[in-house]
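Here is the structure we will look at, set down as structure tokens.
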Amino acid sequence: MAKRVYWFGGGKADGGAVDVALLGGKGAHLAEMASLGLPVPPGLTITCDCCEEFFRNDRKLCDDLKADVLAGLKAVEQETGRIFGGSESPLLLSVRSGSRASMPGMLDTVLNLGLNDETVQALGHDAGDARFAWDSYRRFIQMYADVVMGLDNEIFEEVLEDEKGRLGRQNDTDLSAVEWQHVVDLYKRLIEDELDESFPQDPHVQLWKAIAAVFSSWHNARAVTYRTLHRIPETWGTAVNVQAMVFGNLGSTSATGVAFTRNPSTGEKALYGEFLANAQGEDVVAGIRTPQSITEEGRLASGSEKPSMEKLMPETFQEFREICERLERHYQDLQDVEFTVERGKLWMLQTRNGKRTTKAAMRVAVDMVEEGLITEEQAVCRIDPPSLDQLLHPTIDPRVERHQIGSGLPASPGAATGEIVFTAEQAVDAEAEGRRVILVRIETSPEDIHGMHAAEAILTTRGGMTSHAAVVARGMGIPCVVGAGSMRVDLRNELLTGVGGVTLKKGDIVTIDGSSGQILKGSVAMQQPELSGDFGKLMTWADKARRMQVRTNADTPQDARSARSFGAEGIGLCRTEHMFFEGERILAMREMILAEDETARRAALEKLLPLQRSDFTELFTIMHGLPVTIRLLDPPLHEFLPKTEAEIDDVARAMGMPPAFLARRIDAIHEFNPMLGHRGCRLAISYPEIAEMQARAIFEAAAEAARETGEPVELEILVPLVSLRAELDYVKGVIDAVAVEVFGETDVKIGYLTGTMIELPRAAIRAHVIAETAEFFSFGTNDLTQTTFGISRDDAATFIPTYQRKGIIEHDPFVSLDFDGVGELIQIAAERGRKTKPDLKMGICGEHGGDPASIHFCENADLDYVSCSPFRVPVARLAAAQAAIAKRNA
Ligand code: PEP
Ligand code: MG
């Protein structure tokens, strides 16, 4: 076994290198602060590896470890001049957890260890303060009993409250030494009554049991939940830090506090923190006394009468400020520090990179570049890409209480409040009256699109992250929660039932938090998005650093405009089917689908042509010479079919045929598994006139937009769901023939590429053959994930969360690319495609194109671009930059 225990203190630390994986965050940074010569109480760190060993040994500490700890303690004794368990100058210890990733409050800690009936006397004598010693002893018993012996802290608090009541005392600070001594007796008796054992008097027994308890806390329920939520591996384990105690509760020249080296909510460069005089660390957290501001500026801002640390202990404050500045320079990042002042002597107890809001993260990163502390690329890597959502959408004020009535998958970020409506029509009507609505459906279909546009947010009880509702809402940038399986929608009675039987009716107010997936009853305070100048600067640096292009998935002029404002460099996917649902178009579309023969179909297509052409012209004009990828019609036709009697009557009237006849036609084209049925290029092969109409609309629109803007669009036509080269050959033949016709008619020749979606495993495997025809590849990872796993993308939400909970998969493969399976298919396709055409352009247009981990994968697979919904464009620009930087530095 490698070295188990590392020592630090007195301006030195064992081992030199700071290894967070080995020593945990707290241990590594204590060692680093010690090496920098900062005042750190001496101590030792038991490595994270020992945690694993501890569990392997049936939760026992091995003798070698104990021997190493005792050797380390000798050094601590020498450094402090105190003896652990000594009847004079006793050394007291803190035993703290410290894992590799920060897990605030999840793991256990024991303070004041080493006190017993004898050492408490010596401590009191040493400090010249018996009251302090007995107070420390009762704190120790309380904490030790809770963490090591498993007795609830509250039963001790009850005893203390009773005792204070009996003595007529208000505050803990009002109790005398004798009174605390009596509380200690009461506590010890309580332990005996509850557990039938006495409080251990041997400091070494205390130490071994406390270390074991801290290791064990790695597997307590709250820590396990926290790790699941934050994707922290079980295998990491925690380190344990055993350190000499310093006391902030030794009178008015002592204090304890926490601080950030810059303001963590605004990023402003100003020391920011709180402290309590004459207190131990847990008093600050417990909130019994109101902490005081560290700086005078902070005190004035909070309107507090209580003196700041700056005023109260100016010299110590000055030293503390200098240390903070030094730590920032050293770590080149905002630090979150803990400190204690013991009778005027400052001790640093912890430093780590401070958590901050996205706004603060931006400001700190930009300021640090300007201060010459970090480079532009380092600044780019400081921002967590998904956190940009906080800047682009309204979010729920973090200070408000949430009355949660359900939850689902966080499909589209941001939060919105409104009245519940249950149909698209209700949404449209309410919006027309100026009301804000939340559209609640079991699932949405393309027919709901007008209602989705009218709604502030969308909630569905079914569907996964690539379901219709999720994809469309992300495209529109409105909040959406899908797959809220714990909620019930009763469409007939227009009721929404949440957890605990809370039932809401149409018109009741709910709030949807699309960032967390929570559904809240009523309205809550929101924070509005704010794009500061720092955002612009960071994005410029990100753009300088990245290699891949970032395009957008956009089907409407509104999508295209917002995507351009977010910096999209083209359209990577225009799903033309979404253009067929508005107003009168759906009628013509239904006529086309239900037509009995080619002549009738062509007649209906004639009606659609001008509508498609004008849509494309607008898109091309907005994109002004940037690349635009238009995909031919893809989805199964049943999605467009009339469902209600009234809809069937409408279509029958328009087509001049009896409704019963039409109903039979609808039956005839019914499919058992439409996702794997008559869709994608299969439609263009069965009905080439559809592809002809679309190709004509595209070319005519391109000619018109080029005339209007003077910038010819960089046109790419995309054929969906290809698995055979012959399919692509056939459809390309149709497109090319129309091109020749239109170029002849208009006398304008437009350059274009014809490419294919790679979204079926066969296409990926046969990519070298398909690349003989294809002029570009666009990876459709939604369908590729669906067909590789054989998991329906619309039904995944019913069991994927269970898979995650049971540890069968780590993340939803429809959200973040499955590198091992789907990813390997992408690599195979990219490699084989390039073998045939070395310069073959390749991008990704599935929902993964906006997911940072998947974007890293695309960088490593050498794709040329990623394409994502408009509101994810900034996230993708940043993630693509980070991926490029990481690859360069690898
Ligand atoms: C895909 O399958 O990844 C894709 C982009 O197409 P769609 O989501 O429209 O099926
Ligand atoms: Mg697809």
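The values are calculated or read from the model by the stated rules, or taken from the named source; none is laboratory data. Keep in mind it's a predicted model, so treat the numbers as computed, not measured. In this analysis, Cβ positions are derived from the backbone assuming ideal geometry, glycine residues included, and neighbour counts consider all displayed protein chains.
The table that follows gives values for the structure above.
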read-out	value
Complete set of residues in segment 430-468 that are over 28 Å from the mean Cα position of the chain (by Cα), away from ligand 2 (no atom under 16 Å from the Cβ) and closer than 23 Å to PRO635 by Cα	GLU447, ASP448, HIS450, GLY451
Meets criteria (within 26 Å of TYR226 (Cα to Cα) and touching a residue at least 60 places away in the same chain (Cβ under 8 Å)) for GLY281	yes
Residue in segment 55-75 that is of a type in the set (Phe, Trp, Tyr) and buried (at least 21 other Cβ atoms within 10 Å of the Cβ) present	no
Matching residues, segment 459-490, being more than 20 Å from CYS574 (Cβ to Cβ) and either in a strand (DSSP E or B) or touching a His at 6+ places or on another chain (Cβ under 9 Å) (or both)	LEU459, THR460, PRO479, CYS480, VAL481, VAL482, ARG488, VAL489, ASP490
Single match in ALA470, ALA455 (criterion: closer than 28 Å to ARG872 by Cα, in contact (Cβ under 8 Å) with a residue 40 or more places away in the chain and touching a strand residue (DSSP E or B) at 6+ places or on another chain (Cβ under 7 Å))	ALA470
Among residues of segment 836-854, those that are more than 15 Å from the chain's Cα centre (by Cα), assigned to a helix (DSSP H, G or I) and either at pLDDT below 95 or over 15 Å from ILE758 (Cβ atoms) (or both), counted	1
Complete set of residues in segment 696-729 that are away from ligand 1 (no atom under 16 Å from the Cβ), touching a residue at least 60 places away in the same chain (Cβ under 8 Å), crowded, with 22+ Cβ neighbours inside 10 Å and within 43 Å of the chain's Cα centre (by Cα)	ALA697, ILE698, ALA701, ALA702, ALA705, VAL713, LEU715
Residue within segment 837-845 that is charged (D, E, K, R), over 24 Å from LEU626 (Cβ atoms) and either touching a Gly at 6+ places or on another chain (Cβ under 7 Å) or surrounded by fewer than 24 Cβ atoms within 10 Å (Cβ to Cβ) (or both) present	no
Residue ID - surrounded by the most Cβ atoms within 10 Å (Cβ to Cβ), chosen from residues in segment 300-314 that are touching a residue at least 12 places away in the same chain (Cβ under 8 Å) and either in a loop (DSSP other than H, G, I, E, B) or touching a strand residue (DSSP E or B) at 6+ places or on another chain (Cβ under 9 Å) (or both)	MET309
Helices (runs of 4 or more DSSP H) contained in segment 730-835 and holding at least 3 residues more than 16 Å from ligand 2 (Cβ to nearest atom) and surrounded by fewer than 18 Cβ atoms within 10 Å (Cβ to Cβ)	800-805
Checklist (1) among the acidic types (Asp, Glu); (2) modelled with pLDDT under 95; (3) assigned to a strand (DSSP E or B) applied to ASP389, failing item	(3)
THR773 vs. criteria more than 13 Å from ligand 1 (Cβ to nearest atom), touching a residue at least 40 places away in the same chain (Cβ under 8 Å) and under 24 Å from the mean Cα position of the chain (by Cα)	no
So GLU328, is it free of Cβ contacts under 8 Å to residues at least 12 places away in the same chain, assigned to a helix (DSSP H, G or I) and out of contact with any Asp or Glu (no Cβ under 9 Å at 6 or more places or on another chain)	no
Residue list for segment 315-339, filter: buried (at least 18 other Cβ atoms within 10 Å of the Cβ) and under 19 Å from GLY25 (Cβ atoms)	ILE323, CYS324, LEU327, GLU328, ASP333, LEU334, GLN335, ASP336, VAL337, GLU338, PHE339
Search result, residues across segment 268-288 that are surrounded by fewer than 16 Cβ atoms within 10 Å (Cβ to Cβ), in a loop (DSSP other than H, G, I, E, B) and modelled with pLDDT under 90	GLY287, ILE288
Residue satisfying all of: in segment 546-577; assigned to a loop (DSSP other than H, G, I, E, B) and touching a Cys at 6+ places or on another chain (Cβ under 7 Å); farthest from ligand 1 (Cβ to nearest atom) among these	MET548
PRO636, sole failed condition from (1) out of contact with any Ser or Thr (no Cβ under 7 Å at 6 or more places or on another chain); (2) more than 16 Å from ligand 1 (Cβ to nearest atom)	(2)
Of residues in segment 572-595 being away from ligand 2 (no atom under 16 Å from the Cβ) and of a type in the set (Val, Ile, Thr), the one modelled with the highest pLDDT	ILE593
Boolean, SER216 is over 24 Å from ASN278 (Cβ atoms), surrounded by 14 or more Cβ atoms within 10 Å (Cβ to Cβ) and among the hydroxyl-bearing types (Ser, Thr, Tyr)	yes
Verdict on SER869 being within 16 Å of ligand 2 (Cβ to nearest atom) and more than 19 Å from ALA774 (Cβ to Cβ)	yes
Residue ID - nearest to the chain's Cα centre (by Cα), chosen from residues in segment 104-140 that are assigned to a helix (DSSP H, G or I) and of a type in the set (Ser, Thr, Tyr)	SER136
Residues of segment 392-407 satisfying the condition of being more than 26 Å from ALA879 (Cα to Cα) and in a strand (DSSP E or B)	GLN404, ILE405, GLY406, SER407
Subset tally (residues that are in contact with an Asp or Glu (Cβ under 7 Å, 6 or more places away or on another chain) and under 30 Å from ASN673 (Cα atoms)) for segment 617-641	6
Failed criterion for MET348 (all others in (1) assigned to a helix (DSSP H, G or I); (2) over 15 Å from LYS537 (Cα atoms) hold)	(1)
Hey, SER854 within 12 Å of ligand 1 (Cβ to nearest atom) and touching a helix residue (DSSP H, G or I) at 6+ places or on another chain (Cβ under 8 Å) or not	yes
Single residue of ARG189, ARG227, ARG222, ARG169 found to be over 17 Å from MET143 (Cα atoms) and surrounded by fewer than 14 Cβ atoms within 10 Å (Cβ to Cβ)	ARG222
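This table checks each residue for (1) of a type in the set (A, V, I, L, M); (2) buried (at least 19 other Cβ atoms within 10 Å of the Cβ); (3) closer than 24 Å to GLU708 by Cβ.
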site: MET579; (1), (2), (3): yes, yes, yes
site: MET589; (1), (2), (3): yes, yes, no
site: LEU608; (1), (2), (3): yes, yes, yes
site: PHE616; (1), (2), (3): no, yes, yes
